[in-house]
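Worksheet: one structure, shown below.
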Amino acid sequence: MGYQTLDVELLSGALGAVLHGPDLSAELSNQTFDEIHQAFLDYNVIFFRDQNLDPHQQIAFGRRFGPLAVYPFMEGLPDAPEAFEILKSENDTTNFGGAWHSDMTFVEQPPLGTMLYAMEVPARGGDTMFANTTLAYEALSDGMKQMLDGIVGVNSAALKRSGGRAKSFKKSTKMASKNMDRVDMEAEHPIVRTHPETGKKGLYVGRGHTARLKDMTEAESYPLIDFLADHCARPEFTCRFRWEAGSLALWDNRCAMHFAIDDYPGQRRRMRRLTIEGDTPV
Ligand code: SIN
């Protein structure tokens, strides 16, 4: 579609577009919102620069896409519990989101999208990478696509393969975690899912959350999970976003994975995140 109210700057050949024009703190016209929504479907992850959003304005923009979903393991903001802050300060070693993943695949209805707003960023480093899991699926051989058809992933919140969620939050962090007694929550989803709005198939599997494949042992599951996770992260399926204070990203968890790069020791990075309710993956 042609965009009338947006100036679209593509970030890579695979996915990602910076949308210039809208002031997200203001009430958006239906036309502007429809174009933003279309760009979200076209580019898997969209970005805005030079925004000035308080939590309520960010929440209001998020709600244009649907009801908000609450992240179970982090305390929300006192006056805006739908959102929480991701903070890595100068002496922290915990890097939230530092592995390729799609958000909250361990719940029955994982969020369709995640919106991240940058408040403080390091002088350099702290970029986020994104991968287009539709392109990754389409690049597989017909034989592999047939084999994956019908395989179900068991997705766990425990992060067992990376040492455990509770353990990683005992490392240095000022972030307020909660519900650490619920880290064993699991949900089963097909490892190839069909996007409910575009109808395109994409991979829906990762090392972090896909604990095993249904009816298989961990030893049997890991080689296929690892192959698919590495395949999704091939450079030609990715883009990388350099944050500035006032940048906002909205990624589509149904067709994209992301990775927060931990390359800014001794510097501070503070972001505000919310998620938008999704449907049951099929
Ligand atoms: C996340 O996984 O939600 C964090 C991404 C980031 O901080 O760049």
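Here are the numbers for the structure shown:
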| item | result |
| --- | --- |
| Selection count, region 14-33, where residues are within 22 Å of Pro196 (Cβ to Cβ) and surrounded by fewer than 15 Cβ atoms within 10 Å (Cβ to Cβ) | 1 |
| Of residues in region 255-271 being under 15 Å from the mean Cα position of the chain (by Cα) and near the ligand (Cβ under 10 Å from one of its atoms), the one most open to solvent (accessible area, probe 1.4 Å) | Phe259 |
| Single residue of region 240-254 satisfying the filter (within 13 Å of the ligand (Cβ to nearest atom) and open to solvent by less than 10 Å² (accessible area, probe 1.4 Å)) that is nearest to Ser102 (Cα to Cα) | Asn253 |
| Matching entry among Ile225, Ile276 (being open to solvent by less than 60 Å² (accessible area, probe 1.4 Å), away from the ligand (no atom under 16 Å from the Cβ) and not small (Gly, Ala, Ser)) | Ile225 |
| Scope region 34-51; condition under 15 Å from Ser247 (Cβ atoms) and either surrounded by fewer than 22 Cβ atoms within 10 Å (Cβ to Cβ) or small (Gly, Ala, Ser) (or both); matching residues | Arg49, Asp50, Gln51 |
| Leading residue by the ranking (farthest from Leu41 (Cα to Cα)) among those in region 203-254 that are among the hydroxyl-bearing types (Ser, Thr, Tyr), within 17 Å of the chain's Cα centre (by Cα) and in a loop (DSSP other than H, G, I, E, B) | Ser247 |
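The values are calculated or read from the model by the stated rules, or taken from the named source; none is laboratory data. Treat the numbers as computed from the prediction; the structure is a model and nothing was measured. When we count neighbours, we look across all protein chains shown, and the Cβ atoms used for this are built from the backbone with ideal geometry, even at glycine. The area values use the complete protein model at the heavy-atom level, side chains included, leaving out ligands, DNA and RNA. Shrake-Rupley method; radii C 1.70, N 1.55, O 1.52, S 1.80 Å.
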